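Please treat every number below as a calculation from the coordinates, not as lab data. Everything numeric in this text was worked out from a predicted model, so none of it was measured. Glycine gets a Cβ as well: all are built from the backbone with ideal geometry, and neighbour counts include every protein chain shown.
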Amino acid sequence: MRDPLQFLRGTRERYGDVVRVAIGPLEVILLSHPDLVEDVLVTRNRLWQKDRYLHQTLRPVLGDGLLSSEGDFWRRQRRLAQPAFHRDRIKAYGAIMVEHAARLASQWRDGEVRDVHKDMMHLTLEIVAETLFGANVGHQAEDVGAALESVLAVVSDPFELFFPILKRLPTPKRIGFDRGVVKLDAIIYGLIEKRRASGEGETNDLLSMLLHARDEDGSRMSDKQLRDECMTLFLAGHETTALNLSWTWLLLSRHGSVASKLSRELEAVLGDRPATFDDLPNLRFTGQIIAESLRLYPPAWSMGREAREDVEVGGYRVAAGEQVWFCPWAIQRDSRWFDRPDEFLPERWEGDFAKTLHRYAYFPFGGGPRFCIGQAFAHMEAVLLLATLARSFRLDVQSSPKPVPQPSVTLRPKNGLRVRIRRG
Ligand code: HEM
């Protein structure tokens, strides 16, 4: 419990690629070889469902959204939602992302000290709110942010995970959680109702695309389905990207030569103009920095599955109902797949490196049919926000409080991330 990340890594080194681990009342089988990840997530994915802990914590908030639903229901929802995340559809969001980042940049002052993780959370929340619901929800972003915070306080609390009994106690956190869900429901249902009432044709935001999506039999999503998908996208699409950027700021602060090379690329590709979607292929080093940051600090640091039936994995029997876990944090820092695994070396992604790597030695967005639907969205967002902010600023991470990764549902900086802003 003192250092779960190191513990999980050490387990593989001491005992091998398949290890049964008991952490308090939680018992899981840890799989640490990319072949086993591929077996579970891809090859024999039908023998598995999402793990019990995810269900316990997220289901009460997300309902039957994409992240937490199963079987035919999930398949239909994924089919309906997929086109909204197509590269050509999300292209238009690039301008929204850059505009919000530029607004944040205009608030940063040379020499001031800020919690940049808070800034990143706020920024990605505004972006997901606008891309999901259109420009007219800006004034509700504050309310959504506050409600989401009280929901996340419970969802990401490791004690809630280990001691589900807490869910039944009316602690202040629990009361905040219940109120947060009621508030979010009111906002989301309100927006859906308004949109339906307006009779407006299809616009470019995600809600509109989901609202107009039709299955082969002509059916559409109910309000409850729309609510669950919107809540899921809010939650899945906001903190993960913020974390990716926060950890990137930490790494850049510790590696001045990488930060300088980044500045040179931004200068050469963008000059004085704002970044756009079309710049993505040319912002190669920026993309490599994001990829390397996702390797060292994967926001989804662990994933799990529950066996639907008795199954053999890596030569061991796993009984129906048992939980397996794989940990991108540990696998992506395994010296069998990566040279100098703990070092921040964005250049390692140069050329064909990704092609030579085992497909599941690096999987920050998961894999198989349940891989992240927002991957292209997240990549574009991280590159454009980093390009926009790093063009004018360097951030020096302060030594106190020490930035420590805390593994809850996501991998967060335990005490935020205090930085001194430097223009330059
Ligand atoms: C750096 C940012 C992100 C990371 C690291 C990330 C990571 C992941 C991972 C690992 C999964 C698979 C979980 C599993 O198999 O158990 C996932 C699923 C998902 N993600 Fe992301 N994600 C990110 C950004 C986003 C964004 C921006 C959105 C939406 C706008 C999003 C929406 C989703 C949804 C809806 C699912 C469930 C897909 C399904 O099961 O069909 N994610 N994400």
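Quick notes on this one:
- Lysine pair count for the chain with Cα-Cα distance under 17 Å and sequence separation of 8 or more or different chains is 7.
- Beta bridges by DSSP in the chain, antiparallel share as percent, to the nearest 5: 85 percent
- Taking a point 7 Å out from the Cα of residue 414 in the direction of its Cβ, the residues of the range 1-22 whose backbone N falls within less than 20 Å of it are 1-11.
- Order of 126, 292, 202 under a 10 Å beta carbon neighbour criterion, fewest first: 202, 292, 126
- The relative contact order of the chain, computed from alpha carbon pairs under 8 Å that lie at least 6 residues apart in sequence, is 27 percent.
- Residue exposure sequence - 137, 409 - by fewest surrounding Cβ within 10 Å: 137, 409
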